[in-house]
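Scroll down for the structure; my scribbles are underneath it.
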Amino acid sequence: MENLGIPQNTIAVLQKYHFNIQKKYGQNFLIDPKVLERIISAAGVTKEDCVLEIGPGLGTMTQRLAQCAREVVAVEIDRNLIPILEENLAGYSNVEIVNEDILKMDIRRMTEEKNGGRPIKVVANLPYYITTPIVMELLEGGVPLHSVTVMVQKEVAQRMQAAPGTKDYGALSLAVQYYAMPEVAANVPPNCFIPRPGVGSCVIRLTKYERPPVDPGDEKFMFALIRASFNQRRKTLVNGLTGAAGLHLTRERALEALARAGLPEQVRGEALTLEEFAALSRILMEK
Ligand code: SAM
């Protein structure tokens, strides 16, 4: 069936297959054609592009992606959806349906095979229970990537684009902003899905930087600093860093590094910009 994005068609497909919606897989099917078009246009998909869709569900978005992209790889964990996808996408020769857990898939190899290692675009209405591991694997895992345009829980979108000093700012904000520029493209209320999720959603586009905007000296060390700073949010940065497992920092060394970075002794981690975390990391990495 075409045009699955309208509610009657989605309901018809669910009934035809007596499909049992799996909560454990985060199945909330999109039933709003306007939202669908917002995702497609935010992703900027063209006939040059190889697109990875995570969790195609019934194939609603996959159909539109197939019309706009050169090639679509749609990775779906629920094997009961595979016959439905095969039928709904039978008219498109540029879609490959893969029945796999995205977290177990070698996405780098897929980009190598499908796109000669050139950057792909990821477009998805993500299963919310694994949003962060999926996004971080895409950003950190060395996948050749142009952008990730995804539906996520509103609260997660807010954390991804949060600025220093705000309540949403944390390790996820810094990790996302180190690798990509986040932009919210749409707010999406629960009534745009079957079944309705218990939370509001947002479409967010993360455009990957060719090179990160700051130089931390050692990425892993900077992210260890960031984690230690936010693990104990109410502590000052010095108290958070001193004694954090794996950092091996004395109070004196932490204080000296803060002073050299031009930061006050009492500063909290949540006040530091990405640039300031990178500077602190460079200073502490010096012998
Ligand atoms: N794209 C469809 C839509 O917009 O209507 C469905 C979106 S639904 C929010 C999330 C989809 O991800 C479901 O089809 C679910 O079965 C699938 N999914 C859940 N966990 C997955 C995983 N680990 N790997 C691949 N797909 C997964």
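The values are calculated or read from the model by the stated rules, or taken from the named source; none is laboratory data. No experiment lies behind these values; they were computed from the predicted model shown. Here the Cβ positions follow ideal geometry from the backbone for every residue, glycine too, while neighbour counts run over all protein chains shown. Remember, those area values only see protein heavy atoms, side chains included, never the ligands or the DNA or RNA. Shrake-Rupley method; radii C 1.70, N 1.55, O 1.52, S 1.80 Å.
How are the C-alpha pair distances of the stretch 103-243 spread across 10 Å bins, as whole percents from the shortest bin up?
11, 37, 34, 16, 3
Of Pro119, Val73, Ile97, which is farthest on the positive side of the dipole of the stretch 55-147, counting Cα position, with +1 on Lys and Arg Cβ, -1 on Asp and Glu Cβ, and the Cα centre as origin?
Pro119
Extending each Cα 7 Å along its Cβ direction at Met181 and Arg260, get the distance between those two points in nm, one decimal.
Modelled inter-label distance: 3.2 nm.
Taking only DSSP H segments of four or more residues, each worth -39500 (n - 2.57), what value at 222 nm results for the chain once the sum is divided by all its residues, to the nearest 500 deg cm²/dmol?
So the calculated ellipticity at 222 nm is -11000 deg cm²/dmol.
About its Cα centre, how strong a charge dipole does the stretch 202-287 have in debye, to the nearest 20, once Lys and Arg get +1 and Asp and Glu get -1 at the Cβ?
Using Cβ point charges on Lys, Arg, Asp and Glu, the stretch 202-287 gives about 320 debye.
Probe 1.4 Å, all protein chains in place: accessible area of Glu256 in Å², nearest 10?
The accessible area of Glu256 comes to roughly 100 Å².
Give me the percent of DSSP beta bridges within the stretch 114-225 that run antiparallel, rounded to the nearest 5.
Beta bridges within the stretch 114-225, antiparallel portion: roughly 70 percent.
Given Val238, Thr273, Leu263, which one lies farthest toward the positive end of the charge dipole of the stretch 231-287, if we put +1 on the Cβ of every Lys and Arg and -1 on the Cβ of every Asp and Glu?
Val238
With label points built 7 Å along Cα→Cβ from the Cα atoms of Val267 and Arg109, find their separation and express it in nm.
For the pair Val267/Arg109, the computed spacing is 4.4 nm.
Check Ile120: other-chain or 5+ apart residues with amide H under 5 Å from its amide H, H built from backbone geometry?
Leu145, His146
What are the semi-axes of the equivalent ellipsoid for the stretch 98-137, taken as the square roots of 5 times the Cα gyration tensor eigenvalues, largest first, in whole Å?
Equivalent-ellipsoid dimensions as semi-axes: 20, 11, 9 Å.
Starting from the Cα of Lys235, draw a straight line to each of the aspartates and glutamates and keep only those under 13 Å, dropping any in the same chain fewer than 8 residues away.
Of all the aspartates and glutamates, those that pass the test against Lys235 - Cα under 13 Å, at least 8 places apart if same chain - are Glu265, Glu270.
Roughly how many debye, to the nearest 20, is the charge dipole of the stretch 14-151 about its Cα centre, given +1 on each Lys and Arg Cβ, -1 on each Asp and Glu Cβ, and no other charges?
In total the dipole reaches around 260 debye.
In sequence order, what are the phi-derived ³J(HN,Hα) couplings for the stretch 44-54 according to the Karplus relation 6.51 cos²θ - 1.76 cosθ + 1.60 with θ = phi - 60°, rounded to whole Hz, with x for glycine and proline?
x, 6, 10, 5, 7, 8, 9, 10, 9, 9, 9
Label Arg70 and Glu155 with points 7 Å out from Cα along Cα→Cβ: what is the distance between them in nm?
Computed distance between label sites Arg70 and Glu155 equals 4.1 nm.
List every residue whose amide H lies under 5 Å from the amide H of Leu249, counting only residues 5 or more places away in sequence or on a different chain, with H placed 1.01 Å from N in the peptide plane.
Amide H neighbours of Leu249: Gly243, Ala244.
Give the cross-link partners of Lys16 among the aspartates and glutamates, using a straight C-alpha distance below 15 Å as the criterion and excluding same-chain residues fewer than 8 apart.
Output for Lys16: Glu2, Glu86, Glu87.
Counting Lys and Arg as +1 and Asp and Glu as -1, each charge on the Cβ, what is the dipole of the chain about the Cα centre in debye, to the nearest 20?
So the magnitude is around 720 debye.
I need the semi-axes of the equivalent ellipsoid of the chain: take the C-alpha gyration tensor, multiply each eigenvalue by 5, square-root it, list largest first in whole angstrom.
Details: eigenvalues 330, 76, 46 Å².
In descending order, the three semi-axes are 41, 19, 15 Å.
Go ahead and run the numbers for FRET between Glu48 and Ile283, Cβ-Cβ distance against an R0 of 35 Å, rounding to 0.05.
For Glu48 and Ile283, the calculated efficiency is 0.20.
Could you tell me what percent of the DSSP beta bridges with both partners in the chain are antiparallel, to the nearest 5?
Expressed as a percentage, antiparallel bridges in the chain total about 45.
At 0.36 nm per residue, minus the direct Cα-Cα distance, what do Asn99 and Lys23 gain on full extension? Give it in nm, one decimal, please.
In short, 25.6 nm is gained.
If you take the charge dipole of the stretch 1-45 about its Cα centre, with +1 on Lys and Arg Cβ and -1 on Asp and Glu Cβ, which of Ala42, Asn28, Pro7 is farthest toward its positive end?
Farthest towards the positive end: Asn28.
What lysines does Lys121 reach when the alpha-carbon gap must be under 23 Å and sequence neighbours fewer than 8 apart in one chain are set aside?
Lys34, Lys47, Lys104, Lys154, Lys208
With every protein chain present, what is the per residue accessible area of the stretch 1-119 (1.4 Å probe, Å²)?
Per residue, the stretch 1-119 has 50 Å² of solvent-accessible surface.
Kindly state, to the nearest 0.05, the FRET efficiency for Tyr129 paired with Glu252, given R0 = 51 Å and r defined as their beta-carbon distance.
Working: r = 43 Å, r/R0 = 0.85.
Approximately 0.75, to the nearest 0.05.
Just report the Cα centroid separation between the stretch 1-62 and the stretch 153-180, whole Å.
Cα centres, the stretch 1-62 to the stretch 153-180: 27 Å.
How far, in nm, would the chain grow between Glu86 and Ser41 when pulled straight, counting 0.36 nm per residue and subtracting the alpha carbon separation? Spell out each step's value before the answer.
Values: separation 45, 0.36 × 45 = 16.20 nm, distance 2.50 nm.
Length gained between Glu86 and Ser41: 13.7 nm.
Computing the accessible area with a 1.4 Å probe over protein heavy atoms, can you report the carbon and sulfur percentage for the chain?
Answer for the chain is 49 percent, counting heavy atoms of protein chains only.
Report the gain in length on full extension from Asn239 to Lys34: 0.36 nm times residue separation, minus Cα-Cα distance, nm rounded to one decimal.
Computed gain between Asn239 and Lys34 is 68.9 nm.
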